[in-house]
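Working notes, structure below.
Bear in mind that the values in this text are calculations on the coordinates, not laboratory data. What you see is a predicted model, and the numbers here were worked out from it, not measured in a lab.
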Amino acid sequence: MSTPIDRPDEGGLATLDRELEELIREEEIEPGDHERFSHYVKKDKILESAMTGKPVRALCGKKWTPGRDPEKFPVCPTCKEIYESMAR
């Protein structure tokens, strides 16, 4: 039978360290719905953000720094409504 001392990467302090690192990463993410939705932003602003790291502002007013694949999330209902009203 092994003990935590025999396998320091399992359980104990190693587990606490991993959990603490995860909490720190989560706190660095700006709160809001950008985690749940894709937002409409001008393409040139997305490119500028990728080059400079500056945040962008979506049609709905949400301001954040893009970094996730928008194809993986549903479209923000507010952005979609604003975009559709502009197209009329």
For the range 44-53, just list the computed ³J(HN,Hα) in residue order, Karplus coefficients 6.51, -1.76 and 1.60, θ = phi - 60°, integers in Hz, with x standing in for Gly and Pro.
-> 5, 6, 5, 4, 4, 5, 5, 7, 10, x
Show the residues, 5+ positions off or on another chain, whose built amide H is closer than 5 Å to the amide H of Ser38.
-> Val75, Cys76
